[in-house]
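The values are calculated or read from the model by the stated rules, or taken from the named source; none is laboratory data. Keep in mind that what you see is a predicted model, and the values were worked out from it rather than measured. Cβ coordinates were reconstructed from backbone atoms using ideal geometry, including for glycine residues, and neighbour counts include every protein chain displayed.
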Amino acid sequence: MRGLATGLMLAMLVMPIGRDAFSGDVFRLLQLGGHPVKFGSPTRGAGASIGYAFVDRTIHFDNARNCRDLEPLDATLATSGIGWSALPPEVEAAFAQWASVANVNFHETASSRAQIFIGAFSGMGEAFADVAWQRPVDGETASIERSLICLNADRPRKRAFDGDLSVYNVRYTLTHDIGYAIGLDHPGTFGALMSFPYNERFRTLRDDDIKGVVAMYGARPLPVAGLSVQ
């Protein structure tokens with residue numbers, strides 16, 4: 001049975017301070033219907049390979065609470081003065097932050113095979129993530145079916161990290177919402193990239209962000225010394 005989707009808005013939702021119930025570390029896992037959720041195997045600590053796609057036309061998602069009609073990013077980029085050629089490196093860098101510390105891999109793919117869709121919406125708020133999940137038959141952790149990452153087409157973005165908090169950095173925003181999309185929530189601390197609200201004191205994952213994603217997907221395997229891939 002499919003669970004209801006949830007919509008999460010960057011820097012507009014205040015969550016109570018708390019700790020992960022399983023480890024005591026100060027991070028928060030996304031709970032839907034009382035279940036933590038993740039891509040891939042519902043076993044905590046199991047890795048996952050996730051395909052993402054930029055929407056190239058308006059796509060309607062019946063079970064989405066936010067971004068039900070996800071649009072291409074053209075208007076968002078035009079508002080921000082960011083060309084299409086500049087966007088993929090920012091997206092890749094955002095995904096790479098999570099992949100560099102946890103056993104989760106991301107690859108761009110066709111929309112027909114994507115599990116994460118990236119696009120735009122018009123309305124209130126800076127950005128949203130929307131998660132559709134499958135209620136577990138056994139166990140506690142549920143599997144994510146698909147996630148949406150939605151940027152407001154009417155809000156400008158920037159590539160700079162200049163301290164102007166009225167305009168959000170595109171890489172920071174994407175990294176934050178990827179965290180939602182793969183199963184993390186606002187943590188019980190205000191010093192993490194997944195924290196509320198947006199800030200520019202740092203631009204990369206913090207300890208609590210890393211603890212959260214590793215709790216769900218396991219740590220990034222260390223390379224084997226002397227092993228080369230041909």
Only one of these conditions is not met by THR189: (1) at pLDDT below 95; (2) among the polar types (S, T, N, Q); (3) in contact with an Asp or Glu (Cβ under 8 Å, 6 or more places away or on another chain); (4) not in a loop (DSSP other than H, G, I, E, B). Which number is it?
(4)
Can you spot a residue in segment 72-89 that is in contact (Cβ under 8 Å) with a residue 60 or more places away in the chain, assigned to a strand (DSSP E or B) and within 19 Å of ILE178 (Cβ to Cβ)?
no
Any residue in segment 171-179 that is more than 18 Å from PHE95 (Cα to Cα) and crowded, with 21+ Cβ neighbours inside 10 Å?
no
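Conditions (1) at pLDDT below 95; (2) under 14 Å from the mean Cα position of the chain (by Cα), marked per residue:
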residue	(1), (2)
GLY83	yes, no
ALA93	no, yes
ALA99	no, yes
ALA120	no, no
MET124	yes, no
GLU140	yes, no
SER143	no, no
SER147	no, yes
Unmet requirement for VAL167, which otherwise passes all of (1) in contact with a strand residue (DSSP E or B) (Cβ under 6 Å, 6 or more places away or on another chain); (2) touching a residue at least 24 places away in the same chain (Cβ under 8 Å):
(2)
Which one of the conditions (1) among the hydroxyl-bearing types (Ser, Thr, Tyr); (2) at pLDDT below 95; (3) in contact with a strand residue (DSSP E or B) (Cβ under 9 Å, 6 or more places away or on another chain) does THR58 fail to meet, given that it meets all the rest?
(2)
